[in-house]
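The values are calculated or read from the model by the stated rules, or taken from the named source; none is laboratory data. It should be emphasised that the depicted structure is a prediction, and the values quoted were computed from it without experimental measurement. Don't worry about glycine lacking a Cβ; one is built from the backbone with ideal geometry, like all the others, and counts go over all protein chains shown.
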Amino acid sequence: MDYDSGKVTISGYDLRKQAQSIRQSIGVVFQDSVLDNLLTVRENLYVRAGLYSQSKSEIKRMVDEAVRVIEVSEFLNRPYGKLSGGQRRRADIATALLHKPKILFLDEPTTGLDPQTRLSVWETVKKLQTESGMTVFLTTHYMEEATDSDFIIVIDHGKIAAKGTPQELKTQYSSDSLQLVPNNAEAAEQIQRQLTEMKMDYGIAGGTITVKLPDTMASTAILENCKQHIASFQVLQGSMDDAFIGITGKGIR
């Protein structure tokens with residue numbers, strides 16, 4: 001393997017010199033499954049476990065432990081090709097955990113799944129982290145999923161565009177907003193006049209006035225000046241979607 005520059009170490013091992021040790025330390029769940037559709041989940045697990053051990057008793061122990069941790073026993077004897085999207089993801093994760101890796105790589109694991117199934121997958125991942133202390137590297141285009149991460153790296157055109165905790169990125173690259181619902185059309189005009197005088201950046205859509213805030217506390221002055229014209233309001237924190245667009249300068253691709 002040729003590098004442009006630098007050095008790669010994974011779990012303390014040098015990628016150039018200790019590739020085999022690295023393979024034993026990591027598990028991978030690809031975006032597209034590599035399991036056999038015709039085999040049952042149990043059969044797939046046994047085939048994969050056979051890549052790590054030649055001992056029948058050890059293979060059985062590995063499979064039993066993965067089944068217990070990921071809770072796939074309810075569909076263990078069903079063909080993989082007959083499973084739902086969420087069940088497939090759980091079977092994929094169980095396969096990646098057979099050899100008890102220290103690091104788990106997940107490549108867009110919830111792409112194409114419905115919200116309930118996505119939630120189930122993340123509950124499984126969080127359970128793994130809590131019980132084993134496993135490090136999880138995740139790639140995703142769902143920014144709300146990234147919000148729960150400990151650390152985020154945003155890649156744009158193959159290069160690191162920004163990195164930090166979710167709160168750090170939201171603070172630096174997104175802004176809070178204040179949504180105002182006027183009492184009536186005349187009140188809307190009064191609010192806009194006040195915002196213009198205060199030199200605030202705002203927009204109007206569907207009868208709601210949205211004000212971009214330099215900081216959350218700036219909302220108090222606006223509310224005080226416009227309170228007699230407001231039917232309701234809410235302050236919205238900047239999201240990871242906002243931060244992503246702020247970092248890349250474009251919508252999510």
Are there any pairs with C-beta distances below 7 angstrom linking a residue in the range 70-89 that is assigned by TED's automatic domain parsing to the domain that holds residue 122 to a residue that is basic (Lys, Arg) and surrounded by 15 or more Cβ atoms within 10 Å (Cβ to Cβ), with the two at least 6 apart or on different chains, and if so which? 70/90; 72/90; 76/42; 77/42; 80/88
Tell me whether the range 191-213 contains one or more residues that are modelled with pLDDT of 90 or more and in contact with a His (Cβ under 6 Å, 6 or more places away or on another chain). yes
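Give the residue, chosen from 144, 186, 224, 168, that is under 28 Å from residue 26 (Cα atoms), among the acidic types (Asp, Glu) and surrounded by fewer than 16 Cβ atoms within 10 Å (Cβ to Cβ).
The match here is 144.
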For the range 190-208, indicate whether the set of residues that are surrounded by 17 or more Cβ atoms within 10 Å (Cβ to Cβ) and in contact with a Gly (Cβ under 9 Å, 6 or more places away or on another chain) is non-empty. no
Cβ-Cβ under 9 Å pairs, at least 6 apart or on other chains, the range 55-67 side on the phi < 0 side of the Ramachandran plot and surrounded by 13 or more Cβ atoms within 10 Å (Cβ to Cβ), far side of a type in the set (Val, Ile, Thr) and not in a helix (DSSP H, G or I): 66/72
Would you please name the residue that is nearest to residue 35 (Cα to Cα), looking only at residues in the range 70-92 that are assigned to a helix (DSSP H, G or I) and hydroxyl-bearing (Ser, Thr, Tyr)? 80
Determine which member of the set 220, 210, 248 is out of contact with any helix residue (DSSP H, G or I) (no Cβ under 9 Å at 6 or more places or on another chain), farther than 22 Å from residue 172 by Cβ and among the polar types (S, T, N, Q). 220
If you go through the range 187-207 one residue at a time, how many are farther than 21 Å from residue 172 by Cβ and without any contact (Cβ under 8 Å) to a residue 12 or more places away in the chain? 9
If you take the residues of the range 97-141 that are touching a helix residue (DSSP H, G or I) at 6+ places or on another chain (Cβ under 9 Å) and of a type in the set (Lys, Arg), which of them is surrounded by the fewest Cβ atoms within 10 Å (Cβ to Cβ)? 127
Residues (surrounded by 10 or more Cβ atoms within 10 Å (Cβ to Cβ) and acidic (Asp, Glu)) located in the range 1-28: 14
Among the listed residues 41, 67, which satisfies the condition of being farther than 22 Å from residue 129 by Cβ, in the same structural domain as residue 131 (by TED's automatic domain parsing) and more than 22 Å from the chain's Cα centre (by Cα)? 41
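Being surrounded by fewer than 18 Cβ atoms within 10 Å (Cβ to Cβ) and over 15 Å from the mean Cα position of the chain (by Cα) narrows it down to one of 156, 92, so name that one.
Exactly one of 156, 92 is surrounded by fewer than 18 Cβ atoms within 10 Å (Cβ to Cβ) and over 15 Å from the mean Cα position of the chain (by Cα), namely 156.
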When restricted to 124, 111, 117, 130, the only residue among the hydroxyl-bearing types (Ser, Thr, Tyr), over 27 Å from residue 212 (Cβ atoms), touching a Lys or Arg at 6+ places or on another chain (Cβ under 7 Å) and not in a strand (DSSP E or B) is 124
